[in-house]
Amino acid sequence: MILVFGHTGQVATELRGMASVTALGRDAADLSDPAACAAAIMAHAPAVVINAAAYTAVDRAETEEALATTINGEAPGAMAQACATLGIPFVHISTDYVFAGDGVAPWRPDDPVAPLGAYGRSKLAGEEAVRAAGGVHAILRTSWVVSAHGANFVKTMLRLGAERARLTIVADQIGGPTPARAIAAACLAIADQLAADPSKTGTYHFSGAPDTSWADFARTIFAEAGLTCAVEDIPSSAYPTPAQRPLNSRLDCSTTEAAFGIARPDWREGLRWILSTLGRSAGST
């Protein structure tokens, strides 16, 4: 049995749709109570655990760092310890926000970490706790998650693009949009391979290709959806937010492909699937 933490989030929703999993929402496993998360694992005695739940309010984390750290740091550590006790694989989703976001080179899994804000620090705490548990695990860092579910950039652009003739979009942040559907598939494949070969334990990267800017991503969304909204490039400095965003979210995913045979997904194909699911493809009625 595959136990998933998360139920309505983007990746958890995709996991529920593509595999037979037991998905725990907040009512069944409150991540603000790490001990309860560990207890849930011991009670279900699964074959593998995938943590697809997190505190993801990047800006709000600046004023709620303690809560973010409990959910993103302490809870995954408790999960990993329970999995180590049971001798089962643990797959944990992390983020490019653990890096400083400078330069232009894609971040490698073993590059130095230096999060810019509370959210990144909370996710880094989770990574460190998972490793410290000493069990079989894969930490999968990803970026710019999008899907047909929940709140994300694609759905925001579809709404705003239908309402306005012109939008200003940040163009100096570069990364790989990653379909939640692809992340879910990667988590399942990694979990299966970890069970067969625990030596693959480690930290990996997984993001969509090719790398792009938010502005160019928006242009592609509008073109694929048949929206005529124009996009004006702006720098991040023109759109200040409580939490600083990394300018460089590029991820080097070569070790993921080498270890697991999982290549970077083409986000343009993922985008077309999302738009089709939403009935928003160009020419659709």
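The values are calculated or read from the model by the stated rules, or taken from the named source; none is laboratory data. Source: prediction; values computed, not measured. Heads up, the Cβs are rebuilt from the backbone with ideal geometry, glycines too, and the neighbour counts pull from every protein chain shown.
Annotation: of all residues in the stretch 173-203 being touching a Leu at 6+ places or on another chain (Cβ under 6 Å) and surrounded by fewer than 24 Cβ atoms within 10 Å (Cβ to Cβ), the one that is farthest from residue 144 (Cα to Cα) is 200. Within the stretch 119-157, restricting attention to residues that are in contact with a Leu (Cβ under 8 Å, 6 or more places away or on another chain), small (Gly, Ala, Ser) and in a loop (DSSP other than H, G, I, E, B), the residue that is nearest to residue 32 (Cα to Cα) is 143. For the stretch 81-91, residues that are under 18 Å from the mean Cα position of the chain (by Cα) and either surrounded by fewer than 20 Cβ atoms within 10 Å (Cβ to Cβ) or within 18 Å of residue 35 (Cβ to Cβ) (or both) total 1.
Do the conditions hold for residue 160, that is, is it in contact (Cβ under 8 Å) with a residue 12 or more places away in the chain and part of a helix (DSSP H, G or I)? When the stated conditions are applied, residue 160 passes them. The single condition among (1) over 15 Å from the mean Cα position of the chain (by Cα); (2) of a type in the set (Phe, Trp, Tyr); (3) under 28 Å from residue 48 (Cα atoms) that residue 204 does not meet is (1).
What's the total number of residues in the stretch 117-145 that are aromatic (Phe, Trp, Tyr) and under 15 Å from residue 72 (Cα atoms)? Selection size over the stretch 117-145: 1. Please indicate, with yes or no, whether at least one residue in the stretch 62-81 is in contact with a His (Cβ under 9 Å, 6 or more places away or on another chain), closer than 17 Å to residue 135 by Cα and hydrophobic (A, V, I, L, M, F, W, C). Checked the stretch 62-81: at least one residue is in contact with a His (Cβ under 9 Å, 6 or more places away or on another chain), closer than 17 Å to residue 135 by Cα and hydrophobic (A, V, I, L, M, F, W, C). Considering the stretch 230-273, and only residues there that are of a type in the set (Val, Ile, Thr) and closer than 30 Å to residue 202 by Cβ, the residue that is surrounded by the fewest Cβ atoms within 10 Å (Cβ to Cβ) turns out to be 255. Is it true that some residue in the stretch 56-75 is modelled with pLDDT of 95 or more, in contact with a Leu (Cβ under 8 Å, 6 or more places away or on another chain) and assigned to a loop (DSSP other than H, G, I, E, B)? No. Consider the stretch 211-270 and keep the residues that are touching a Lys or Arg at 6+ places or on another chain (Cβ under 8 Å) and in a strand (DSSP E or B). The one that is nearest to residue 62 (Cα to Cα) is 251. Considering the stretch 71-80, the residues that are of a type outside the set (A, V, I, L, M) and under 17 Å from the mean Cα position of the chain (by Cα) include one that is surrounded by the fewest Cβ atoms within 10 Å (Cβ to Cβ), namely 73. Among the criteria (1) surrounded by fewer than 22 Cβ atoms within 10 Å (Cβ to Cβ); (2) within 16 Å of the chain's Cα centre (by Cα); (3) aliphatic (A, V, I, L, M), the one residue 104 does not fulfil is (2).
Any chance the stretch 176-196 includes a residue that's at pLDDT 95 or above, assigned to a loop (DSSP other than H, G, I, E, B) and either among the aromatic types (Phe, Trp, Tyr) or within 20 Å of residue 97 (Cβ to Cβ) (or both)? Yes, because at least one residue in the stretch 176-196 is at pLDDT 95 or above, assigned to a loop (DSSP other than H, G, I, E, B) and either among the aromatic types (Phe, Trp, Tyr) or within 20 Å of residue 97 (Cβ to Cβ) (or both). When the residues of the stretch 120-157 are filtered to those that are in contact (Cβ under 8 Å) with a residue 24 or more places away in the chain and among the hydroxyl-bearing types (Ser, Thr, Tyr), the one that is surrounded by the fewest Cβ atoms within 10 Å (Cβ to Cβ) is 143.
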